[in-house]
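For reference, the structure discussed in these notes is given below.
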C-alpha cells in the first residue's frame, strides 16, 4: 500500500468555512460496496446451504474481536516521513496484527463524518488465510493456495483502497478535508457509542492517529492559554461532562501521535509534547482502557531547495 503525497507547510490549523458535502462518504461507500462484491467472489464461490457464509464485508457470524482505527483528518495532516510510518503501521496490522474474522472499522474526523455515533467509512473483516480458519467458523473448506489467494485479493481490492484514501495526506475532494476544527475527544466519544464496539466483544482495540491537538470552540489545546489543564482538573469541567466517552473498559489503546514542530513556541505556545501525552494517557486510563501505548511519529527533515 503506497500513497503519493505533497508536503504541507502549515503548522496552524485552517479556519476555512465548512464544506457540508457528503460526496466522499457516498463515493467511499459505493466503492467499498463495489469492491466488496468483487472481493468476496471467492467467498461466495464456496457457497453451500449447509455451510456458514461470509457477508459482503468478509465477516462471518460471531465476530469476537474488533479494531477501530480513528484517523484525525484535521489540517495539517502528515508529512512524507509520517505517511511512510502510517503505511507501515497498517501494513503490519493487516499482515499479522489482526486475527481471522476480526473486524476493522475505519472512522475519520472528515467533514460529514462527525456525529453523536461514529459511522465508519468502512467496516471489514480480516479474511481467512488457512483452511483451519474456515473450519473454525463452519465455512466450506478449500485448499490452502485458494484460501490465501482469496485473502490477498480481498485485501488488495477491498481493504487497502479504503486505507489508501483515508491516509491521503492531501486529498483533492473538499469533503475529505477537515479545515474547520479538530474534535478528537468528541469523535472518541462517538466511537465508544458504537454498538459494534460493545463490551461483550472479547477483544477490542482502538487505534488513534492524531496530533492530539483538540481544536473546538470550547478547547484550543496548546494554542489558547489554560486550554490544556491537567486531566484531573479537566474532569471537573462541564465540557468534559458533555464529551466524556462511554466505558472503554478492557479496550487496548494505541495512539500514533503525529509530532508537530513548535511545542512551547510560536505555533503551540501553551503546551509541551509530554503534557499532551500525559493528558491523553490519563484520559484513556480514566475511561477504563486496559493498556495505553503512545507511539510518536516524528516529522521528516525539510527537503532542501538546493
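Values quoted throughout were computed directly from the atomic coordinates according to the rules given, and no laboratory measurement underlies them. Predicted model, so just to flag it, every value in this text is computed and none were measured. Neighbour counts run over all protein chains shown; Cβ positions are idealised from the backbone, glycine included.
Some values worked out for this structure:
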item: Spatial separation of Cα centroids for the range 130-147 and the range 101-119, in angstrom; result: 30 Å
item: Sequence-separation-based contact order of the range 23-297, relative, with Cα cut under 8 Å and 6+ spacing, percent; result: 20 percent
item: Peptides ranked, highest mean first, by Cβ atoms within 10 Å: ranges 147-155, 71-79, 217-225; result: 71-79, 147-155, 217-225
item: Cα shape, the range 158-247, gyration tensor, a/c 1.5 rule; result: oblate
item: The range 84-133, relative contact order in percent, only Cα pairs under 8 angstrom and at least six apart counted; result: 39 percent
item: Coarse-grained scattering of the range 23-297 at q = 0.10, 0.13, 0.15, 0.16 Å⁻¹, given as base-10 log I(q)/I(0) from a Debye sum over alpha-carbon atoms; result: -0.54, -0.87, -1.12, -1.25
item: Computed FRET value (nearest 0.05) for residue 203 with residue 235, which takes r as the C-beta separation and R₀ as 30 Å; result: 0.60
item: For the range 60-146: rounded, prolate or oblate by the Cα gyration tensor [a/c cutoff 1.5]; result: oblate
item: Relative contact order [Cα under 8 Å, 6+ residues apart], the range 124-218, whole percent; result: 22 percent
item: Gyration tensor verdict on the range 193-306 (Cα atoms; rounded if a/c is under 1.5, prolate if a/b is larger than b/c, oblate otherwise); result: oblate
item: Residue 196 paired with residue 275, simple spin-label distance in nm, labels 7 Å along Cα-to-beta-carbon; result: 3.8 nm
item: Whole-angstrom gap from the range 241-306 to the range 58-97, using each part's C-alpha centre; result: 17 Å
